[in-house]
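Reviewing the structure listed below.
The values are calculated or read from the model by the stated rules, or taken from the named source; none is laboratory data. This one's a predicted model, so the numbers in the text were calculated from it and none came from an experiment. We place every Cβ from the backbone using ideal geometry, glycine too, and count neighbours over all the protein chains shown.
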Amino acid sequence: MFELIKGLHNLLRWIVVFGGVYALWTSLRGLISGGVWAPTDRRAGLIFTSSLNVQLVLGIVVYLFSPLVRGAFGNMGAAMQDDHLRFFAVEHLVIMLLAVVSAQLGYSLARRAPTDRAKFVRSSIGYLIAALLLVYGIPWGRSLIPWA
Ligand code: HEM
């Protein structure tokens, strides 16, 4: 069961990544071209933030049942000295939480913004920070597809 959920967590990472590229692209395009905020812009943000929220829930489940994390909690002092254990016990979770918050802030503040330009500015900043955190926080050294 754990391997199934971890595999789904691995797979959903691609929806988060492509959703992020799409949302960032539509925002920057609107910002640079001085465009009108359209339903497609809102939808792009919704796909990105929703996939992140589902990935967050899956991540918490993986975290609670991960033998790796359990091992780290068995001796936290030693785990903090180990780059691999420290990454999955602390860093990955913290970086991803910041990415989820940043994308959500970009999306929500854009919806409340008074002008189209302000919508594109806020969404671009939120999605860009989230994208940078994702690139840094995704364990690219792990298998790119699950169950491989
Ligand atoms: C929200 C964006 C997130 C993305 C894109 C992401 C992506 C990934 C990927 C690609 C892996 C490697 C899976 C594999 O080895 O097959 C992974 C592993 C893991 N993730 Fe995430 N993750 C995210 C959020 C989280 C969160 C919020 C948590 C914790 C609350 C979390 C906990 C874990 C753990 C514990 C593992 C390693 C499991 C193990 O090998 O035992 N992830 N994550």
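For the range 23-44, filtering for residues that are without any contact (Cβ under 8 Å) to a residue 40 or more places away in the chain and not β-branched (Val, Ile, Thr) leaves 7. Within the range 45-69, the set of residues being in contact with a Leu (Cβ under 9 Å, 6 or more places away or on another chain) and free of Cβ contacts under 8 Å to residues at least 24 places away in the same chain comprises ILE60, LEU68, VAL69. Could you say whether any residue in the range 88-107 is without any contact (Cβ under 8 Å) to a residue 24 or more places away in the chain and of a type outside the set (A, V, I, L, M)? Scanning the range 88-107, I find no residue that is without any contact (Cβ under 8 Å) to a residue 24 or more places away in the chain and of a type outside the set (A, V, I, L, M), so the answer is no.
Among the conditions (1) at pLDDT 95 or above; (2) out of contact with any His (no Cβ under 8 Å at 6 or more places or on another chain); (3) over 18 Å from ILE125 (Cα atoms), the only one that TYR107 does not satisfy is (3). Selection of the range 58-69 for residues being aliphatic (A, V, I, L, M) and either in contact with a strand residue (DSSP E or B) (Cβ under 6 Å, 6 or more places away or on another chain) or within 6 Å of the ligand (Cβ to nearest atom) (or both) yields ILE60, VAL62, LEU68, VAL69.
I'd like to check something: does the range 109-117 contain any residue that is touching a Leu at 6+ places or on another chain (Cβ under 9 Å) and within 9 Å of the ligand (Cβ to nearest atom)? No; the residues of the range 109-117 include none that is touching a Leu at 6+ places or on another chain (Cβ under 9 Å) and within 9 Å of the ligand (Cβ to nearest atom). The residues on offer are VAL62, VAL54, and the sole one that is part of a helix (DSSP H, G or I), under 18 Å from the mean Cα position of the chain (by Cα) and over 19 Å from VAL101 (Cα atoms) is VAL62. The residue that is nearest to the ligand (Cβ to nearest atom), among those in the range 12-37 that are surrounded by fewer than 16 Cβ atoms within 10 Å (Cβ to Cβ) and hydrophobic (A, V, I, L, M, F, W, C), is TRP14.
Would it be correct to say that LEU134 is in contact (Cβ under 8 Å) with a residue 60 or more places away in the chain and within 11 Å of the ligand (Cβ to nearest atom)? When the stated conditions are applied, LEU134 passes them.
To keep it simple, each residue is scored yes or no on (1) in contact with a strand residue (DSSP E or B) (Cβ under 6 Å, 6 or more places away or on another chain); (2) within 14 Å of the ligand (Cβ to nearest atom); (3) closer than 24 Å to PHE18 by Cβ.
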site: PRO39; (1), (2), (3): no, no, yes
site: LEU46; (1), (2), (3): no, no, yes
site: LEU56; (1), (2), (3): no, yes, yes
site: GLY71; (1), (2), (3): no, yes, no
site: VAL90; (1), (2), (3): no, yes, no
site: LEU93; (1), (2), (3): no, yes, yes
site: GLY106; (1), (2), (3): no, no, yes
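Looking only at the range 84-119, residues that are more than 21 Å from the chain's Cα centre (by Cα) and either loosely packed, with under 12 Cβ neighbours inside 10 Å or farther than 17 Å from LEU31 by Cβ (or both) come to 3 in all.
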